[in-house]
Amino acid sequence: REEAFALASELFGELAARGDGGDDAGGGLRPDSYTFGNMLNCVANLLPRNGGGDARHRHADAVFTACVEAGEVNEIILKILKRTVSPDEYAALGLKWRRKRRTTRK
């Protein structure tokens, strides 16, 4: 599981770097809601809930924050996030997203 998560994280990081205008053009590739959803599923399925909760929350937070910044949050992302983190963590991350939505609408 650790090796699979490390590989998924590496690939996700490379794709995100290309989307941000990283070292090569990336051919217009950047993470979309499917990419973010798949990475959140990796967090949910490959990182332990018990004993590794801090790492699980930290990675879920990073992926969700990137998803928010990219404007790719949708109902499916929220469902995956809800099953990935604790109810308190979900509420905190949801609040972060709602605040971001309010500031970008103005």
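Using only helices, what value at 222 nm comes out for the chain when you add -39,500 (n - 2.57) per DSSP H run of length 4 or more and divide by the total residues, to the nearest 500 deg cm²/dmol?
Details: 5 runs with 79 residues, N = 106.
For the chain, the value works out to -24500 deg cm²/dmol.
ARG101 versus ALA17, label points 7 Å from Cα toward the beta carbon: distance in nm?
3.3
Kindly identify the chain as rounded, prolate or oblate by the Cα gyration tensor criterion: order the square roots of the eigenvalues as a ≥ b ≥ c, call it rounded if a/c is under 1.5, otherwise compare a/b with b/c, prolate if a/b is larger, else oblate. Before the final figure, lay out the partial values.
Details: a/c = 2.18, a/b = 1.07, b/c = 2.03.
Oblate, since a/c reaches 1.5 and b/c is not below a/b.
Tell me the accessible surface of THR104 in square angstrom (1.4 angstrom probe, heavy atoms of protein chains only), to the nearest ten.
90
Rank ASP54, ASP32 by accessible area, highest first, at a 1.4 Å probe radius? Don't jump to the answer; show the numbers that get you there.
Numbers: ASP54 115, ASP32 60 Å².
My answer, sorted largest first, is ASP54, ASP32.
Once phi is turned into θ = phi - 60°, what whole-Hz ³J(HN,Hα) does the Karplus curve with 6.51, -1.76 and 1.60 give for every residue of the range 87-103, x standing for Gly and Pro?
These are the phi-based 3J(HN,Hα) values: x, 5, 5, 4, 4, 5, 5, x, 5, 4, 5, 4, 5, 5, 4, 4, 6 Hz.
Going 7 Å from the Cα of GLU69 along its beta-carbon direction, which residues of the range 84-99 have the amide nitrogen within less than 13 Å of the resulting point?
Hits in the range 84-99 for GLU69 at 13 Å: none.
Kindly sort GLU72, GLU14 by accessible area of their heavy atoms, largest first, with the probe set to 1.4 Å. Write out the running numbers ahead of the final one.
Values: GLU72 50, GLU14 85 Å².
Descending accessible area places them as GLU14, GLU72.
Let me check I've understood the local charge: for VAL68, count other residues with C-beta under 11 angstrom from its C-beta, Lys and Arg +1, Asp and Glu -1. What total comes out? Display every interim value, and only then the final one.
Working: positive: LYS96, ARG98, ARG99, LYS100, ARG101; negative: ASP61, GLU69, GLU72.
Once all neighbours under 11 Å are counted, the net charge is +2.
The values are calculated or read from the model by the stated rules, or taken from the named source; none is laboratory data. The model shown is predicted, which means the values in this text are computed figures rather than measured ones. Cβ sites come from the backbone with ideal geometry, for glycine too, and all protein chains shown count toward neighbours. These area figures cover heavy atoms from the full protein model, side chains too; ligands, DNA and RNA do not enter into them. Shrake-Rupley method; radii C 1.70, N 1.55, O 1.52, S 1.80 Å.
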